[in-house]
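Notes follow the structure.
The values are calculated or read from the model by the stated rules, or taken from the named source; none is laboratory data. All values derive from a computational prediction rather than experimental measurement. Here Cβ is always computed from backbone atoms with ideal geometry, including for glycine, and neighbour counts include all displayed protein chains. Accessible surface is based on the protein model in full, side chains and every heavy atom, while ligands, DNA and RNA are left aside. Shrake-Rupley method; radii C 1.70, N 1.55, O 1.52, S 1.80 Å.
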Amino acid sequence: MGTLSIVATPIGNLEDITLRALRTLKECDVIYAEDTRVISKLLARYEIKKPLQRLDAAMEMKRADQIIERLEAGGRVVFVSDAGTPGISDPGARLVALVREGLPGATIEAIPGPSALTAALSIAGIDATAFTFLGFLPHKKGRQTALKKIASSEIPVVLYESPHRILKLLNELSFQVGARVTLARELTKIHEEVVSGTPSDVIAHFTAHPDAVRGEFVVIIEAKRK
Ligand code: SAM
């Protein structure tokens, strides 16, 4: 029986890849990737040449059968998402569940590595003994409920947000009296930046530096800061 390796990849800086991840990529038979163009850059950097197959969120069901067949034949299969840890606001979970169900004897191994979630918390200076991760907030239905949940949370809440919506989110949070937000932007990249303060402070920062409303953001909200 083969092995399915779920491999974490860099969230920006291509040096952020573990030795084990590189060895797994080098030794596998095939790499399934959320976007083959994204993983190609990483593979080129480390001079790894492997057959690539696309497996995005819409294809997890379809590809699972193919992967199960490969594993039955003893294949070594890798799955990578575009960046960071698969399954964390990324495809991967359904694939793992389907393989576990369809082929109970198969080895499914984690090759851990970067995630924007843990990278942000590691430099936020916030006690992350306990926190809630909500990923991307829903755009419409359920958004108000999620914002209320954030406002009443006793522990930090971590979100992912796109640059197009970051100011909208900060404006929504500005009604939460006493809340403090920390934004970790462009982690591991040239323009890496951490900005903290009340939502209004952070809005003021971005108004003064409009160029900084770019890239990728992790948002940490402490609604009831102790
Ligand atoms: N699986 C990834 C992980 O483990 O972090 C997350 C994938 S999710 C589709 C992409 C979101 O993660 C971005 O919109 C942003 O909120 C966050 N993110 C990814 N890379 C980041 C980075 N370098 N700096 C800050 N946030 C990042």
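Measuring between their Cα centroids, region 33-101 and region 130-188 lie 30 Å from each other. Largest GNM mean-square fluctuation across ALA151, ALA130, ALA57, computed for the chain with C-alpha springs under 10 Å, falls on ALA130. Applying 0.36 nm per residue to the separation of VAL177 and SER40 and subtracting their alpha-carbon distance, the gain on full extension is 44.7 nm. Over the chain, DSSP H runs of length four or greater, each weighted -39,500 (n - 2.57), average out per residue to a 222 nm ellipticity of -10000 deg cm²/dmol. Once R0 is set to 45 Å, what does the formula 1/(1 + (r/R0)^6) return for the Cβ-Cβ distance between ASP56 and ASP201, expressed as a FRET efficiency to the nearest 0.05? After rounding, the FRET efficiency stands at 0.75. For the chain, what is the percent of antiparallel DSSP beta bridges, rounded to the nearest 5? Antiparallel bridges make up about 45 percent of those DSSP assigns within the chain. Within region 79-96, name every residue whose backbone N is under 15 Å away from a label modeled 7 Å from Cα of ILE48 along the Cβ vector. Residues passing the 15 Å test: 79-86.
Choose one answer from ARG180, ARG20, ARG143: the residue with the largest mean-square fluctuation in a GNM of the chain with alpha-carbon springs under 10 Å. For the chain, modelled as a Gaussian network with Cα springs under 10 Å, the answer is ARG143. Using a probe radius of 1.4 angstrom, the carbon and sulfur fraction of the accessible surface of the chain is 54%. Applying the Karplus relation 6.51 cos²θ - 1.76 cosθ + 1.60 with θ = phi - 60° to region 91-98 yields 3J(HN,Hα) values of x, x, 4, 5, 4, 4, 4, 5 Hz, where x marks Gly and Pro. Remark: region 3-114 carries 50 Å² of accessible area per residue (probe radius 1.4 Å; ligands, DNA and RNA excluded).
Each Lys and Arg contributes +1 and each Asp and Glu -1, all at the Cβ; summed about the Cα centre of the chain, the dipole is approximately 380 debye.
In nm, what is the difference between 0.36 nm times the number of residues separating ALA128 and ALA93 and their Cα-Cα distance?
Fully extending the segment from ALA128 to ALA93 adds 10.2 nm.
Note that region 208-224 has calculated 3J(HN,Hα) couplings of 6, 10, x, 5, 7, 7, 9, x, 10, 10, 10, 10, 10, 10, 10, 6, 10 Hz, one per residue in order, obtained from phi through the Karplus relation 6.51 cos²θ - 1.76 cosθ + 1.60 (θ = phi - 60°); glycine and proline are x.
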